[in-house]
1. Starting from the Cα gyration tensor of the stretch 84-137, take the square roots of the eigenvalues, sort them a ≥ b ≥ c, and report rounded, prolate or oblate (rounded when a/c is under 1.5, otherwise prolate if a/b is larger than b/c, else oblate).
2. For the stretch 22-36, what does the Karplus curve 6.51 cos²θ - 1.76 cosθ + 1.60, with θ = phi - 60°, yield as ³J(HN,Hα) per residue in whole Hz, taken in order and with x for Gly and Pro?
3. Calculate, for Ser87 and Ser54, the FRET efficiency according to 1/(1 + (r/R0)^6) with r their C-beta to C-beta distance and R0 30 Å; round to the nearest 0.05.
4. Highest first, please rank the peptides 13-19, 101-107, 50-56 by the mean number of other Cβ atoms sitting within 10 Å of their residues.
5. With a point put 7 Å past each Cα toward its Cβ, work out how far Ile2 is from Ser46 in nm, to one decimal.
Amino acid sequence: MISGIVMIFVALWFYQSAMKAKTSNALMWVAIGAVGFFALVWLMQSLNIYILESVRAGEGGASYESLQGADRKNAGDFLGFAGILKSLYFELSPSIVGFLAIAFVRLKFISKESFSVANLFGGLKEMFISIKQSFKTSE
């Protein structure tokens with residue numbers, strides 16, 4: 001769910017960056033950004049599943065598919081402060097890694113600016129301002 005919302009913002013960000021850079025194929029860059037982000041999120045989620053499965057197997061547990069109902073031995077894995085941190089990592093890391101990689105692609109191939117943190121995330125503020133302006137009605 002979070003990744004889907006971030007993907008919409010990535011598409012808007014790529015479109016506005018392509019229009020600002022006056023590229024002739026803005027919609028192609030939007031598609032590249034959205035598909036690239038989706039692929040990276042899928043890859044990171046697969047990696048996270050692999051990590052979970054390997055930890056469970058290392059603890060003598062079976063795979064997730066073979067465990068049934070109350071027989072699950074990992075029921076307490078996500079309790080307490082450490083559990084909250086695990087949950088946050090597994091939920092947010094795919095979106096963060098995908099966003100950072102796509103921001104680098106936007107910087108190098110669309111805006112063609114030098115690498116800096118300000119340039120890497122440039123245009124985000126303008127994107128959110130334009131979204132805010134789109135909700136205002138003209139009277």
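1. oblate
2. Coupling constants for the stretch 22-36: 6, 7, 7, 10, 5, 5, 5, 5, 4, 5, 4, x, 5, 5, x Hz.
3. So, using R0 = 30 Å, E works out to roughly 0.95.
4. 13-19, 101-107, 50-56
5. Calculated label separation equals 2.2 nm.
Readers should treat all values here as calculations from the given coordinates under stated rules, not as data from a laboratory. Owing to the predicted nature of the structure, the values given are computational and were not obtained by experimental measurement. In this analysis, Cβ positions are derived from the backbone assuming ideal geometry, glycine residues included, and neighbour counts consider all displayed protein chains.
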